[in-house]
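All remarks here apply to the structure that follows.
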Amino acid sequence: MKYYILFFVFLIFSRVSTAQSNKSDFWNEELENSSDIIKPNTLSTHPFGIYISRLNHNFNVRSTDKYSFAFEVSSGNVVLPYVKSYELTDPNDREISKNQPWHTREFGFDLDKVPSKIKEFEADGVIRSYRFNFTLPLTVNHELNFSLRANSLDRGKYPYSIFTSDESIEWFHRNIAGGKDPFSRYHYGINKAGIAYKDENNKVLTMDNNDFLISGLDINYTYYPKLEMNEKHHIYLNFGAQLGINTSKYNPASDFGISSSILKKMIIKDKNILSFGLSLGVLRQHIFEYGYGVNLSNQDFLCSFEGLINYKVKLKNNNRISYGINYNFQNSYNKKKDMDYIVLTGQRINTHWQKTISHLYEDLEEWSAICTYSMKRFSYFVYLREDLNLDNAPDLQTGIGIKMSIKKS
């Protein structure tokens, strides 16, 4: 897979680092204490994902000696036209479906009579995610982070959605790449907002224009072990655990996840720092349930992977600016094998009309470009995120945020 390439690049960087291993104590301290990577939360504003406490991977090398507060806002344009799915339940029907291409199954069954589990889904608009973070350093090696997450939905009009509005995205398609209305935004109507999903148990999730909700609280613990390879090879590890408390009526449950990251740092031109990191994590959904919600995912585990390349430049005023490329992978929300027994119906306006539901059975892959400007107490960051495997959930996403650090007394 594509993330194997990132792994091999990491190995190359590690081999090249031999010349770095004899740097002075100054650089060992600089690499650990002054070169933390301020990575925003680049998780997608997915219509289902916003209700689940997904893992945001950590690429820092140690706990800082400061308290920190952060606030960030991300906006993602979602366009998922109405699609209805029938998951066949009769063994004979399932065998027939399995041997047919998905796009011909609709014409091979009498869907009014065939036994099936029915789902309906459509989503349109700009979903915004809001994150309030507080980081509490316990010791040099231990850290706690509390993250309150909230979401809203709107039509994405100017001036609140400069890049993620329907007009901006369609201007890009018409003038640069994609052609005229490739995702049928104008066919269905631009600047609309609404999410409606009905699961196989007839439970419904809805979100209307200007709706706002607090979707949950995440509590993260990170352990930064002190190892010989930190000073010798500038390679660092961290291990994390997350308890996610989902507070919406659509997913009244708590999730638990674990993750681990490895980071390699290199000194460039005696002042700049190049970092390359890999991170793996797994989230166990619904370890606790305190109600009956909508079936958003039939996977017990959501596995994720991130790769990061970050280049931090030291400026003349001792501030720093960094540029990063982040790759994110997550397994599908629903089990892939179920797609063999699903019949999809909807308006066949374009060649990817079925993505509204079919993407729920596919792995998610995205790239993000990140830029951060750091001063002594404040850091400002922006990012742009694009879906790699086309799913339009979201199509384009942007984010902006600020982090403030306060010295411990």
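Counting only strands (runs of 3 or more DSSP E) that fall entirely inside segment 173-231 and contain at least 2 residues that are open to solvent by less than 30 Å² (accessible area, probe 1.4 Å), in contact (Cβ under 8 Å) with a residue 24 or more places away in the chain and farther than 30 Å from Phe134 by Cβ, the qualifying elements are 194-198. For segment 343-363, the set of residues classified as touching a residue at least 24 places away in the same chain (Cβ under 8 Å) and of a type in the set (S, T, N, Q) consists of Thr345, Gln347, Asn350, Gln354, Thr356, Ser358, listed by residue number.
Screening the candidates Ser248, Ser254, Ser260, Ser215 for the property of being at pLDDT 95 or above and closer than 30 Å to Val313 by Cα yields one hit, Ser260.
Every listed requirement among (1) of a type outside the set (A, V, I, L, M); (2) modelled with pLDDT under 95; (3) open to solvent by 10 Å² or more (accessible area, probe 1.4 Å) is met by Glu366 save one, (3).
Of the strands (runs of 3 or more DSSP E) lying entirely inside segment 347-409, those carrying at least 1 residues that are out of contact with any Asp or Glu (no Cβ under 9 Å at 6 or more places or on another chain) and more than 26 Å from Gly307 (Cα to Cα) are 396-407.
Matching residues to (1) over 28 Å from the mean Cα position of the chain (by Cα); (2) part of a loop (DSSP other than H, G, I, E, B); (3) surrounded by 13 or more Cβ atoms within 10 Å (Cβ to Cβ):
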| position | (1), (2), (3) |
| --- | --- |
| Lys84 | no, no, yes |
| Glu87 | no, no, yes |
| Ile96 | yes, no, yes |
| Gln100 | yes, yes, yes |
| Arg105 | yes, no, yes |
| Phe109 | yes, yes, yes |
| Asp112 | yes, yes, no |
| Lys117 | yes, no, yes |
| Glu122 | no, no, yes |
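The set of residues from segment 232-251 being part of a strand (DSSP E or B) and either of a type in the set (D, E, K, R) or farther than 14 Å from Phe146 by Cβ (or both) comprises Ile235, Tyr236, Leu237, Asn238, Phe239, Asn246. If the condition is being of a type in the set (D, E, K, R) and either surrounded by 14 or more Cβ atoms within 10 Å (Cβ to Cβ) or free of Cβ contacts under 8 Å to residues at least 12 places away in the same chain (or both), then segment 285-311 contributes only Glu306.
The values are calculated or read from the model by the stated rules, or taken from the named source; none is laboratory data. What you are looking at is a predicted structure, and each value in this text was computed from that prediction instead of being measured. Backbone-built Cβ (ideal geometry, glycine too); neighbour counts: all protein chains shown. Note: areas computed on protein heavy atoms with side chains; ligands, DNA, RNA excluded. Shrake-Rupley method; radii C 1.70, N 1.55, O 1.52, S 1.80 Å.
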